[in-house]
1. Using only the alpha-carbon atoms of the chain, report the extent along each of the three principal axes, biggest first, to the nearest angstrom.
2. Using the alpha-carbon centroid of each, what span in Å lies between segment 406-429 and segment 269-335?
3. With a ≥ b ≥ c the root eigenvalues of the C-alpha gyration tensor of segment 351-506, is it rounded (a/c under 1.5), prolate (a/b larger than b/c) or oblate?
4. R240 to R470: FRET efficiency via 1/(1 + (r/R0)^6), r the Cβ-Cβ distance, R0 30 Å, to the nearest 0.05?
5. Just report the Cα centroid separation between segment 523-571 and segment 442-507, whole Å.
6. Counting each DSSP H run of 4 or more residues in the chain as -39500 (n - 2.57), what helix-only mean residue ellipticity at 222 nm follows after dividing by all residues, to the nearest 500 deg cm²/dmol?
7. Mind checking the full-extension length gain between K439 and D222? Use 0.36 nm per residue of separation minus the Cα-Cα distance, one decimal, nm.
8. I'd like the FRET efficiency for S161 and I324, computed as 1/(1 + (r/R0)^6) with the beta carbon distance as r and R0 of 25 Å, rounded to 0.05.
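No lab work stands behind these numbers, since they all come straight from the coordinates. The structure presented is a predicted model; accordingly, all values stated were derived computationally and were not measured. All Cβ positions, glycine included, derive from the backbone under ideal geometry; neighbour counts span all protein chains shown.
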Amino acid sequence: MLKSRSYTPPAMPRFTRQSARVKLIALASYFTMLPFTAVNAQTDDDAARNAGASDYALLCAGCHEGALLEAPRRSALALFSPEHIVESLESGIMATQGMPLTRAKKRDVAFFLTGKRFNESVTKPVSFDCSASLAVGAPLDQPPLWNGWGAGVNNSRHQYSETLLTPDNVGELTLDWAFAFPGATRARSQPLVTPQAVFVGSQEGVVYALDARNGCPIWTYDAEAEVRSAVILDLDAQGRPETLLFGDFAANAHAVDAQTGELRWKTSVHEHRLATITGATAVADGILVVPVSSLEIIAASRNEYSCCSFRGAVVGLSIATGEILWTHFTTPPPQPTSKNRAGTQMQGPSGAPVWSGITIDIKRSLVYATTGENYSSPATTTSDAVIAIDLHSGERRWVRQVTTNDAWNGACSTGGFNCPEEKGPDFDFGAAALLIESKSGRDLLVVGQKSGMVYALDPDADGALIWETRAGSGGTMGGIHYGMSSDGEGLFVGVSDLPTNNPYNVGEGQPGIHRLDLASGAIEWRNKLPNVCPETKFLCFQGISAAVSSSPGLVFAGGLDGMLRAFDAESGAILWETNTVQEFGDINGVRGFGGAIEADGPVIAGGSVYVTSGYEKWGEQPGNMLLVYSIKQ
């Protein structure tokens, strides 16, 4: 059952750019003094708020006040409901940090952050102020216009069939309809579009089938954990939507009836307690292929945590039954190594997670997975790599590593004892591989890395390097973060290059969109985007972290600053733009507000562009929107 949420944030102070260590000491001193400086005759609210402030300073402030870039800032946490924060501390992403806290203390932390008391009796569903034109059970018989992460198993992210949107009329795009996700401060599940319905996941774990004409819910399914990745449709023999497939943040794979939203099966794909699914699944030959990452990279920031034991994995399941057919681990089993300075036993190797989407090579019966860094020493030959896996057996065919000796975890940002001796450079792959047939007929496997480098590999020669090009300066925040697009001639590369004082950056940052020649890797044009950010308490930057998408003559990209733009594919000129960082009013009965565009890219389908807006991690602008822009016919 969905619960109504309040989105009015309290006024928050703006923090200066002092060192993380000095800031943490000052904050801890301030918060822990609060209970002692309060008036003796405290009310219950005063006591709870001050107790929550003290526990927040002890267990949470070290990350959420800016020391760990990935962690949402306190101003973003204030947008959550207290129920959401307590759930996160008990069984969600912050469960490890919440272990020392009693249930009452978790409620105090939530009260301190949100100014609202935890209410166990809140059961009122959100009232969607609209009606879908399709009733539950009405036939959805139209094949998808954009399916999964990359509009096909090769992940080109190019909409070849788009004929309505052109460089001449793209400037006429206007907001057609919008959907505000209840209880959300980020929206990063890329929508799947059919002529009748739009399928999309949410931060609250609810998957929606929305009417494609007006965004009103046809049905909802509660996955009980956040659904970050793009969902994918498996079709029946007649090409009609049959099964909706996706992974959740608790490392479960789901199969849901696309017509009704009824669960068919649910399977846990990894035994590690911090395992998660952030990348998009893929489907071929009756097999659902699932990438597996983990939250251990965050837990490692605690000195008493035995770092690290997670092994990245790719898992093949039967679409019909949910049975696990094979599991391919990216590292060997971890073994005890040394003890850290706190006396905690450390383990390794570990990590090499797969937090990006899966690419399937039908012709060669291969699965391509791009991996992240190792979490602990020793570094392996499978981190920061492309791994080719047999689709039917799960056996490794070949591996091509592009950065060696990359071991890194959250302790490297906070000065914790679990930072491995390699200390980065944290150049893992967040972007899925693109399998593209060039105009010459040659197949290329193209990958973009957080280092700022783009590589073209030969799938017929065990991933041998064909060319490499530096598109950005790189860093822990990219470089190339979530994805590129190609029409078979050009390769369109979004570059974040968010300044993070990374010592491994190379050259001047290139935040923006760039076109490379697919055959040679030569840079054909660059569009280094302007800084249009207003004064704000949130991080705002013009770089492109989210995946890029394209259609004939056009390139679409959303920025960390919330700007959504259309570019001319031949020249790189901006043809249309809109700022999604704004209030959208009461949309479908929920207050709608846009923010940063961080991960999933625009979806181009039938003369419309679909994009999610809002991302509260890394100190960025929160939001809860799915926005649809169309040309009025």
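1. 77, 57, 50
2. That distance is 20 Å.
3. Numbers: a/c = 2.44, a/b = 1.43, b/c = 1.71.
Cα axes put segment 351-506 in the oblate bin.
4. On the way: r = 45 Å, r/R0 = 1.51.
E between R240 and R470, to the nearest 0.05, is 0.10.
5. Taking the Cα centre of each part, segment 523-571 and segment 442-507 sit 17 Å apart.
6. Working: 9 runs with 75 residues, N = 633.
-3000 deg cm²/dmol, from helical runs alone.
7. 73.7 nm
8. With a Förster radius of 25 Å, E is 0.10.
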